[in-house]
Amino acid sequence: MARPLFLSHGAPTLPFEDVAARHFLKGLATAMPRPRAIVVVSAHWETRVPTVNAVERNRTIHDFGGFPDALYKLTYPAPGDPQLADRIVDLLADAGLPSATDTARGLDHGAWVPLMLAWPEADIPVVQLSVQSQLGPGHHLEVGRAIAPLANEGVLIVASGSFTHDLSSWRGQAGMAEPEWVTAFADWFDVALKEGRTCDLLAYRRLAPHAQRNHPTEEHLLPLFVALGAAGASAPVERLHTSNTYGVLRMDAYAFGASAMPTNPEGNQS
């Protein structure tokens, strides 16, 4: 079984930054079996219903502005997998979830930034799945449960977002100290995940400290619930990495389900 992952993808410039999260992602592929395909649930594709891209070859979407020119030259031309896209549509339909297919969209930076670091050869087929910010965590848990069979078919489900994401407090300065309100939220969420408190997690905006400040909008945390749902009930949760960039962006990564994926706690701190 390919364990579903939640990865914090950080700023688009992560491939150029000498930070702990980049080093973690660079070593991720060596710590797990090679998947036959990857489904990426990205915070940067929001649609009314779950939508998959069904293309033969993924184009690279530079969905940002004001960054160095070198960033716009990066490409990640991974093959698509239209048959896998159809499989996802069927699984969602079986779960009573309406969905759609997009035959033109490529990969946004929520997808290609972590994939470029972990699988730089861009030779594994990739299908992207959208989020529905207006429908909340419970809906995304159900999406994850619907596509759970993929994990037993050699498909890696990668949920790409950000463990914390208050860009209103972001000042673009590396090395900033992590505020207490970021630490408190991340600690609460980590414990709730490891203790399997799904009901509390679904109500995190009411129960977690400083939830509204760390996630003024939900799109960057919703992919995590897809990974959680795809792992199945009572699945163990393992934190693979924890670090911070720019003070307010926690870059934590998790794997859901039982496995022997090694971690390096001493190397996980920024």
- Task: Please give the strands (runs of 3 or more DSSP E) falling wholly within segment 46-144 in which 1 or more residues are out of contact with any Cys (no Cβ under 9 Å at 6 or more places or on another chain) and surrounded by fewer than 16 Cβ atoms within 10 Å (Cβ to Cβ).
- Result: 100-102
- Message: Within segment 168-176, does at least one residue satisfy the condition of being at pLDDT below 95 and buried (at least 20 other Cβ atoms within 10 Å of the Cβ)?
- Response: no
- Checked segment 104-132 for anything without any contact (Cβ under 8 Å) to a residue 12 or more places away in the chain and over 19 Å from V155 (Cβ atoms); matches are P120
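So if I check each of P12, P33, which one is farther than 20 Å from G229 by Cα, in contact with a Phe, Trp or Tyr (Cβ under 7 Å, 6 or more places away or on another chain), in contact (Cβ under 8 Å) with a residue 12 or more places away in the chain and not small (G, A, S)?
P12
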- Query: Under the condition of being surrounded by fewer than 17 Cβ atoms within 10 Å (Cβ to Cβ) and part of a loop (DSSP other than H, G, I, E, B), which residue from segment 236-266 is modelled with the highest pLDDT?
  - Reply: P236
- Query: Looking at segment 1-45, which of its residues are of a type in the set (D, E, K, R) and surrounded by fewer than 20 Cβ atoms within 10 Å (Cβ to Cβ)?
  - Reply: E17, D18, K26, R34, R36
- Item | Filter result (part of a strand (DSSP E or B) and within 21 Å of L202 (Cβ to Cβ)) within segment 145-160 | I157, A159, S160
- Please name all residue pairs, on different chains or six or more residues apart, with Cβ atoms under 6 Å, provided the first residue is in segment 199-212 and is over 17 Å from H140 (Cβ atoms) and the second residue is acidic (D, E). L207/D200
- Query: Does at least one position in segment 199-209 carry a residue that is surrounded by 15 or more Cβ atoms within 10 Å (Cβ to Cβ) and in contact with a His (Cβ under 8 Å, 6 or more places away or on another chain)?
  - Reply: no
- Within segment 207-228, the residues that are more than 10 Å from A159 (Cβ to Cβ), in a helix (DSSP H, G or I) and of a type in the set (G, A, S) are A211
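The values are calculated or read from the model by the stated rules, or taken from the named source; none is laboratory data. Since the model is a prediction, treat every value here as computed from it, not as a measurement. With ideal geometry, Cβ positions are generated from the backbone for all residues, glycine too; neighbour counts draw on all protein chains shown.
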